[in-house]
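Undergrad: I'd like to ask some things about the structure below.
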Amino acid sequence: MKRYHRLTLILAIVTLTLLSLSSFTKANADSSEISVSIDNRPIYFDVAPQKINGRVMVPLRAIFESLGAEVGWDKETQTITGTKEGRNMTLRVNAATATIGGKAVQLDVPATKINGRVFVPTRFVAESFGADVKWDDNSKQVTISTGATTSDGTYYFVYNSKKVSAADLEAIKLYINKFKDSRNVLFDASTYATAPQLYDALKTKQKQLGGNVAGIQIFGMEEEVPAFSYIHKVQVIPATERWNGVEFNKEAKYLSDFFYSTFQNSSTYLSTDVAIYDVFGKNVPLSFTPEWPVSRLPLTKGEIHRYINKYDDYQKQIAEKSVPTVVLSVASNVQDGKTQNDAAFFMNRLKSEFNLFEKVELRTYTKDLNKNLITENKKGPINLMVSSPIDSEGAKQGKEYFMSREDVNKQLTTNYYTAFFWGMHPASRFNSNNMIHDGMTKGSLINPIVQTVSASNSGLNNYIWAPVEQTSDGQWLNDYVPATYEMLQENNPYYFIYQYYAGLNEGKTRFQSFHAAKVEYAKQTKKHQDKIGSMTSYENIISLHYLGLADYE
């Protein structure tokens, strides 16, 4: 009996001790509900801000990167550096003194490391880069102001909390903080089983917030963050007695994130497989004009943070550099000796006749494609364009792959390269069973542009059969002429390619150029939708995807 009472007394003492320690820890390091905003932008942290001995401490790296500073870390000396617009800061862990712009600055309390992150008092942020910092004890809100104009555009970063690792979520949050021109919302899609359900949830959130949508970035594969489904059903030629001219593959279903780019549609019409032919045949009220950009990083748990780090490294490597455009083209669709689908021919016209590629080098190849591709990868970073039959295993010339899954894993790893794949569908599903996934996870492929359905040759013409000469009796003689700008506008898929490279020529980023090209392509498709070929153009609009990360600069 005495032994029982002794054990009870010991347990009581241990319990009281733990409660005391808990109270002490909470009193000395309180992280409950402390939030931080910069110019009304919420900032996301993997390790939350804390109040320690009366001082509000914040993770330095997350704050500095949110302010646009480049952050460095020396593990050996435990020193963190920050650089912004020529102004430098240096600080060592456990030091109460930092160097800002060459001058020593005293901290209220020393910098400290908590869960692997360097924390500093909020006041230090103001002293480092000239921001104004305020603390509201009632709301536990740190407000940082730089004087920058506040945007009413909201950028949604959609992920599945059940399908990311701790490292993935940390990388996602630091990535979000680099978007300085928008209000940023981290949106968990784990409770939404279908794309229409997620679509409605995003619409509801946007209605609550008001303002505009700046864009949507998705993290995850199709089974983690759902995509919309559509089938290939388009009219490619006028109906004849033998054939109605409709290409229809009811067995194959494809995916699209396109409908996340506008909230003008009702999810009722998106809950079943979308078919362009049926939309126009049944007058289904769906908008095909994107209002904001959408991108998806089709990677899964454990892969996301590695790719984000790779993307940051790529951005540093190409900063202030002119990256050449390299084209690998497999010509096809020959009519009367004229090759209609030849990207090399068209890209060279963009340079010689349309005055694009003024500031970057353009190199095109139609032979020895594998050899030239590997050679180009060894030279340095490139913006690659591939126009050929492409499937999940790679790009072909004839029956042979000149760019395969094995190539992107082993041969094309010397330098980073972006890619614009025009052809079939290397990523018909947003999953791991394709060359795109291998290139992004095992190789050096950055932010590919792909289609999720086989591209149709309908309307894809380098040459147009058109009147060229009038005879004395008033009759017109026809011949093939290179497609003019006006001809491209009339449902020629090359018009999208033209607009994309025109955007790059103007100094836009790849992602900005992709979105602007889609908007213009959709505008012209709607204008000419009474002509044969418009359905193919509409399908291209919902099929073309930017896979990777939206540019934060």
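The values are calculated or read from the model by the stated rules, or taken from the named source; none is laboratory data. Being a predicted model, the structure only gives us computed values, none of them experimental. Using ideal geometry, Cβ is built from the backbone for each residue, glycine included, and neighbour counts are taken over all protein chains shown. To get the accessible areas, we keep the full protein, side chains included, count just its heavy atoms, and leave off ligands, DNA and RNA. Shrake-Rupley method; radii C 1.70, N 1.55, O 1.52, S 1.80 Å.
Undergrad: What order, most packed first, do the peptides 356-362, 476-482, 428-434 have when packing is the mean number of other Cβ atoms within 10 Å of each residue?
TA: So the peptides 356-362, 476-482, 428-434, ranked by packing, come out 428-434, 356-362, 476-482.
Undergrad: Let me ask you something else. I'd like the distance separating the alpha-carbon centroids of segment 124-196 and segment 224-249, in whole Å.
TA: 42
Undergrad: Calculate the spin-label point distance for D368 paired with A166, positioning each point 7 Å from the Cα along the beta-carbon direction, and give it in nanometres.
TA: 5.2
Undergrad: Working out 0.36 nm times the residue gap between K75 and K399, then minus their Cα-Cα distance, what length gain in nm do you get to one decimal?
TA: 111.5 nm
Undergrad: Same structure, new question: Report, in deg cm²/dmol and to the nearest 500, the calculated mean residue ellipticity at 222 nm for the chain, where each DSSP H run with n ≥ 4 adds -39500 (n - 2.57) and the sum is divided by the residue count.
TA: After summing the helix terms and dividing by the residues of the chain, the value is -9000 deg cm²/dmol.
Undergrad: Give me the net charge of Q512's neighbourhood, meaning all other residues with Cβ under 15 Å from the Cβ of Q512; Lys, Arg count +1, Asp, Glu -1.
TA: Taking every Cβ under 15 Å from that of Q512, the sum is -3.
Undergrad: Still on this model: What are the lysines whose alpha-carbon lies under 18 Å from the alpha-carbon of K113, with same-chain residues fewer than 8 places away excluded?
TA: Answer for K113, where 18 Å is the Cα cut-off: K26, K51, K75, listed by chain and number.
Undergrad: For the chain, which whole-number percentage of the solvent-accessible area (1.4 Å probe, protein heavy atoms only) is attributable to carbon and sulfur atoms?
TA: Taking all protein chains in place, the chain shows 48 percent carbon and sulfur surface.
Undergrad: For K140, give me every one of the aspartates and glutamates with a C-alpha distance below 15 angstrom, ignoring sequence neighbours fewer than eight places off in its own chain.
TA: D30, E33
Undergrad: Let me ask another. Report the Cα centroid-to-centroid distance between segment 41-91 and segment 420-492 in angstrom, as an integer.
TA: 47
Undergrad: For segment 340-386 and segment 272-287, what is the separation of their C-alpha centers, rounded to whole Å?
TA: 37
Undergrad: Rounded, prolate or oblate: which fits segment 296-416, taking a ≥ b ≥ c as square roots of the Cα gyration tensor eigenvalues, rounded meaning a/c under 1.5, else prolate when a/b beats b/c?
TA: Oblate, because a/c is 1.5 or more while a/b does not exceed b/c.
Undergrad: Mind checking segment 283-341 for GluC sites (Glu not before Pro) that DSSP puts in a loop (not H, G, I, E or B) and that have at most 12 other Cβ atoms within 10 Å?
TA: Taking segment 283-341 and a limit of 12 other Cβ atoms within 10 Å, the loop GluC sites (Glu not before Pro) found are E320.
Undergrad: If you take volume of the Cα convex hull per residue in Å³ from the coordinates, which of [x] 253; [y] 223; [z] 188 do you get?
TA: [y]
Undergrad: A further question follows. If you keep only loop residues by DSSP, which GluC sites (Glu not before Pro) in segment 187-290 have at most 10 other Cβ atoms within 10 Å of their Cβ?
TA: Counting only loop positions with at most 10 other Cβ atoms within 10 Å, the GluC sites (Glu not before Pro) in segment 187-290 are E241.
Undergrad: Ignoring everything but the protein chains, give the 1.4 Å probe accessible area of H305 in square angstrom, nearest 10.
TA: 40
Undergrad: Given just the C-alpha atoms of segment 395-553, how large is their convex hull per residue in cubic angstrom?
TA: 148
Undergrad: Of K162/K310; K134/K203; K253/K526, which sit over 31 Å apart, Cα to Cα?
TA: K134/K203
Undergrad: For the chain, return all DSSP H helices satisfying: extent of Cα atoms along own axis at least 24 Å; mean Kyte-Doolittle hydropathy at least 0.0.
TA: Helices meeting the span and hydropathy rule in the chain are 2-28.
Undergrad: Another question, then. For the chain, with only Lys/Arg (+1) and Asp/Glu (-1) charged at the beta-carbon, what is the dipole magnitude about the Cα centre, in debye rounded to 20?
TA: With Lys and Arg at +1 and Asp and Glu at -1, about 2200 debye.
Undergrad: Per residue of segment 157-163, in order, report the coupling 6.51 cos²θ - 1.76 cosθ + 1.60 (Karplus, θ = phi - 60°) as ³J(HN,Hα) in whole Hz, putting x for Gly and Pro.
TA: Listing the rounded values in order: 10, 9, 9, 10, 4, 8, 10 Hz.
Undergrad: Same structure again: Let me know the shape class of segment 127-233, please: from the alpha-carbon gyration tensor, a ≥ b ≥ c as square roots of the eigenvalues, rounded when a/c is under 1.5, otherwise prolate if a/b is greater than b/c, or oblate.
TA: Here segment 127-233 falls in the prolate category.
Undergrad: If you restrict to DSSP beta bridges whose two residues both lie in the chain, what percentage is antiparallel, to the nearest 5?
TA: So the antiparallel bridges amount to about 60 percent of the total.
Undergrad: Please compute the per residue accessible area over the chain with all protein chains in place, 1.4 Å probe, rounded to a whole number of Å².
TA: 47
Undergrad: With unit charges on the beta carbons (Lys and Arg positive, Asp and Glu negative) and the dipole taken about the Cα centre of the chain, which residue among I43, A227, V468 sits farthest to the positive side?
TA: Selected residue: I43.
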